[in-house]
Amino acid sequence: MKKSDTYAIGYAVAAAVFYALNVPCSKLLLGSVAPTVMAALLYLGAGLGVGIMYIFHRKKENTAERLSRADLPYTIGMVVLDISAPIFLMIGVKLGTSANASLLGNFEIAATTVIAMLVFKEKVSRRLWAAIGLITLSSMILSVGTDGSFSFSVGSLFVLAAASCWGLENNCTRAISEKSTYQIVTIKGFGSGIGSLVISFIIGEKLPQVKYILPALLLGFVAYGLSVFTYIRAQKTLGASKTSAFYAVAPFISAFLSFVFLHESLTLSYAVALIVMAAGTALVIHDNKKQTETSKA
């Protein structure tokens with residue numbers, strides 16, 4: 001394995017670990033912070049934190065690395081999707097359980113891969129299609145209501161909508177990933193944060209007390225800022241679909257934290273979905289390994 005690939009995989013895993021804190025920690029704050037305001041604070045925290053990092057890095061950056069007018073369509077798409085996705089996620093987390101929302105986040109792999117294939121012509125193997133099928137099946141199991149009926153959980157549907165938005169957003173970001181990571185994350189943070197905040201005021205949500213704002217901003221810097229920063233660094237080498245494969249560990253870490261810190265109960269549907277989702281994720285990682293070996297041959 002090339003040294004650059006090793007670093008890229010390290011970035012992808014780091015992105016997963018940082019993001020894994022998002023759902024369980026947000027669940028703790030959502031009792032006192034409205035969903036859309038929460039989404040805004042998370043992205044504003046990312047923009048503030050990485051923006052400060054950018055101030056010290058900017059002098060070392062080449063002009064060619066900075067975003068240009070040609071990158072504007074992808075930049076706008078990235079911001080608009082990043083406004084929608086976290087709002088959907090926070091509503092889903094508020095209406096459902098943190099563990100379910102965490103695991104459902106892996107549907108983002110399916111969305112990212114399909115869009116990468118259709119739009120950016122990335123190759124998708126039979127193994128990867130099988131993995132997408134298992135991940136989708138697991139998502140359907142988690143989306144069914146807990147009352148024994150075949151009705152879909154409203155909270156789960158919102159989480160799936162968020163995952164789909166992020167799948168498309170991953171590909172928009174992939175298109176500009178060769179440019180300044182600092183600039184991309186700063187624009188993503190402030191653009192999406194301010195946009196979400198405006199929406200929150202329009203729908204009548206209010207800002208929470210300062211004692212809740214600061215933790216939300218800090219969580220945003222780590223779970224969104226540092227996570228997106230390392231994710232983009234990984235995409236530069238691995239591409240959108242492969243990066244999402246290694247990033248797939250995030251929901252499992254997040255679900256584990258939900259059981260430990262939120263004391264959520266383990267349901268039968270969750271246990272079955274976990275096994276199916278783990279099988280799908282293993283196939284994705286195996287496919288990435290086979291593709292790496294083939295490229296060396």
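The values are calculated or read from the model by the stated rules, or taken from the named source; none is laboratory data. Treat the numbers as computed from the prediction; the structure is a model and nothing was measured. Quick reminder, even Gly has a Cβ in these numbers, built from the backbone with ideal geometry, and neighbours come from all protein chains shown. Only protein heavy atoms, including side chains, enter the accessible area calculation; ligands, DNA and RNA are left aside. Shrake-Rupley method; radii C 1.70, N 1.55, O 1.52, S 1.80 Å.
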Going out from 0 in 5 Å bins, what whole percent of all Cα-Cα distances in region 61-122 drops into each bin? 4, 13, 14, 19, 18, 13, 10, 6, 2, 0
I need the shape label for region 1-120. Rule: rounded when a/c is under 1.5, else prolate if a/b > b/c, else oblate, with a, b, c from the alpha carbon gyration tensor. prolate
Highest-fluctuation residue, Pro215, Pro251, Pro24 considered, GNM on the chain with Cα pairs under 10 Å: Pro215
Between region 62-98 and region 10-24, what is the separation of their alpha carbon centroids in Å? 17 Å
Stretched out fully, how many nm does the piece from Ser4 to Leu28 gain, at 0.36 nm a residue minus the Cα gap? 4.9 nm
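Considering every pair of different Cα atoms, what Kirkwood radius, in Å, is found for the chain?
19.1 Å
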How large are Rg and Dmax for region 27-78 when only the alpha carbon atoms are used, in Å? 15.6, 45
For region 12-109, give the percent of accessible area contributed by carbon and sulfur heavy atoms, probe 1.4 Å, rounded to a whole number. 69 percent
Note to self, the chain gives a 222 nm [θ] from helices alone (DSSP H runs n ≥ 4, -39500 (n - 2.57) apiece, / all residues, nearest 500) of -25500 deg cm²/dmol
Taking a cut-off of 17 Å between Cα atoms, list the aspartates and glutamates near Lys3, but don't count ones fewer than 8 places away on the same chain. Glu293
Computed over the chain, the relative contact order (Cα-Cα under 8 Å, seq sep at least six) in percent reads 42 percent
Give the lysines whose C-alpha is closer than 19 Å to that of Lys188, dropping any in the same chain fewer than 8 places away, or say none. Lys179, Lys236
Once amide hydrogens are built 1.01 Å from N within the peptide plane, the residues lying 5 or more places from Lys179 or on another chain with amide H under 5 Å from its amide H are none
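For the chain, which longest stretch is free of loop sites, where a loop site is one of the trypsin sites (Lys or Arg not before Pro) that DSSP puts outside H, G, I, E and B and that has at most 12 other Cβ atoms within 10 Å? Each step should come with its number before you reach the end.
Working: sites that count: Lys2, Lys121, Lys123, Lys206.
Counting at most 12 other Cβ atoms within 10 Å as exposed, the longest clean stretch of the chain is 3-120.
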How big is the convex hull of the Cα atoms of region 35-187, per residue, in Å³? 124 Å³
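Can you tell me how region 157-297 classifies by the Cα gyration tensor, rounded, prolate or oblate, using a/c under 1.5 as the rounded cut?
Numbers: a/c = 2.22, a/b = 1.23, b/c = 1.81.
Oblate, since a/c reaches 1.5 and b/c is not below a/b.
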